[in-house]
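**Q** Structure below; questions to follow.
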Amino acid sequence: MTLRDLTVLTRFSRAIGRTWPCQEGVGTCGTLFISTSGIRRREAEKAVAKTKMSEFLDLWDVKERKLLYIYLGVLSFFWGISIATALWTNDWSMWTFGTNILSGILFASLFAGFVFTRRFWGKGIVPARRIIINMVKIAVVFSIISVMIFSITVGFDFEDASDDPPSEPLSNVEVIVVLNLLFIGFFLAVLVSFLGYLVIGMGFVGAVVMFEVGLTPVLIRRIRGITTSEEREARFLEWFMLIPDNLDTGTLSLDRPVKEEAFPWSRFYHAISWQIMISLLIAVTLSLNPFIKDAIDPSQILSLLTNANIIVPLIILPTLLYLRLNVRIEGPVKEFKIYKGFQSRLIRTFFAAGTIILILRLAVKEVTSLDFLLSFAGYAAMSVSIIIFFTWIYYNFFENFAAFRVAERIPELVKGEEEGDEERDSLAEGEGADAPGKDSPET
């Protein structure tokens, strides 16, 4: 065995992590021990993984990470319990799976909502005091209407009923006491429901915004580098956002955000209008899907659709910031709006999916118009209310915060005059004024 052969065997032994005996008469007899190169390589890989994780977490500051940890921690805890319960009961039905996922999101939103409400409650465009007053007004009106309907219904029942023996009619004082108790009960139920939905909305929208402020700058930079990149990711982004081939994405820019003192009603109406359209398309996909209808009892589909309403704000709300910041790419004739690309792609995708499912369903089994309308009746009302409520929470409490956070993390792409340092830092830290400007309308 030559010295060269021994060198090759030594490198081979290091590579496979085994010992290799020496030959007598060549160098020093003995054993070539395991090299630490394999261990060092694994340690280096772990260090690289830790570095990538650290870089990913650095997308958010300390306060933002704490808010995300709270939400994701509660969500993981609930899902862990759900998985353990499914293993214990051996229940892996689609209904149980979908219900557990959506229930976990709602539970985490409720728990984290108290934290988000505490931080952002006084920072909205519409002040907190006005929100509470409007909630009380709505609860009073709803309670009065409910008591009137209840009184009329009970009165008709007494006229048609024949008691044996006949019961004595209530005195005027007793009637007043009963009506007052009913009013208080309805009032408290409506007010507590409003506050509960508000806390859940603050938690859910707040978590979406926290992810948004960290990931949006990264995505914008990736979009800007599409023209000079040949990676599959760049080609996918170009396809998904419908960016024309003749545009140079290196010209991407965005407007410098300006603090909004009045509620942006025009963008609010635009956002809820196409969210409702997406919601109806999702309803078509789920309610007429033959696979879902075979796996879930028809009476449970409406309940699943109602809980799945949170999917729509989860998909749409992160795209609204591109409209606020006017993220665009310069073109030879006109600018290409990134938000328009998002919107067109989502609508095309859901339209295509809904059409395919509808054709498939009609091919498998005939669906009557009555079944179709009944499936949408309750879903439409709940879907519209959730979309309106969550979108209002986003614009009132979080959009100013998100816009300034994203802009300060990609300053090289921002165009426009810079605001005063004091006002910018105030919004970035979520410490804006509690009261809106004089032109801010009521809810």
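**Q** Of the conditions (1) under 30 Å from residue 176 (Cβ atoms); (2) surrounded by 13 or more Cβ atoms within 10 Å (Cβ to Cβ), residue 68 fails just one. Which one is it?
**A** (1)
**Q** Picking from 176, 220, which residue would you name as being modelled with pLDDT under 90 and either outside any loop (DSSP other than H, G, I, E, B) or not assigned by TED's automatic domain parsing to the domain that holds residue 139 (or both)?
**A** Answer to the check: 176.
**Q** Another question, then. Looking only at residues in region 386-427 that are aliphatic (A, V, I, L, M) and more than 27 Å from residue 249 (Cβ to Cβ), which one is modelled with the lowest pLDDT?
**A** Let us first name the residues in region 386-427 that are aliphatic (A, V, I, L, M), namely 386-388, 393, 402-403, 406-407, 410, 413-414, 427.
From what's left, more than 27 Å from residue 249 (Cβ to Cβ): 386-388, 393, 427.
Numbers: 386: 86, 387: 89, 388: 90, 393: 94, 427: 51.
Ranking the qualifying residues of region 386-427, first place goes to 427.
**Q** Tally up the residues in region 251-267 that are closer than 24 Å to residue 414 by Cβ and in a helix (DSSP H, G or I), please.
**A** 3
**Q** Can you say whether residue 265 is of a type in the set (Phe, Trp, Tyr), surrounded by fewer than 18 Cβ atoms within 10 Å (Cβ to Cβ), in contact (Cβ under 8 Å) with a residue 40 or more places away in the chain and in the same structural domain as residue 397 (by TED's automatic domain parsing), as far as the supplied structure shows?
**A** Yes.
**Q** Out of the residues in region 369-385 meeting the condition of being buried (at least 18 other Cβ atoms within 10 Å of the Cβ) and either in contact with a strand residue (DSSP E or B) (Cβ under 6 Å, 6 or more places away or on another chain) or more than 30 Å from residue 214 (Cβ to Cβ) (or both), tell me which one is modelled with the lowest pLDDT.
**A** In this case the residue turns out to be 375.
**Q** Let me ask something additional. I'm trying to understand the selection: among the residues of region 208-225, which are in contact with a strand residue (DSSP E or B) (Cβ under 9 Å, 6 or more places away or on another chain) and of a type in the set (A, V, I, L, M)?
**A** 220, 223
**Q** If you check residue 230 against the conditions, is it within 30 Å of residue 386 (Cβ to Cβ), outside any helix (DSSP H, G or I) and at pLDDT below 90?
**A** no
**Q** While we're looking at this one, here's another question. Among the residues of region 233-250, is any outside any helix (DSSP H, G or I) and among the acidic types (Asp, Glu)?
**A** yes
**Q** What do you reckon, is residue 347 modelled with pLDDT of 65 or more and under 30 Å from residue 249 (Cβ atoms)?
**A** When the stated conditions are applied, residue 347 passes them.
The values are calculated or read from the model by the stated rules, or taken from the named source; none is laboratory data. Since the structure is predicted, the reported quantities are computational estimates derived from the model, not experimental observations. Here Cβ is always computed from backbone atoms with ideal geometry, including for glycine, and neighbour counts include all displayed protein chains.
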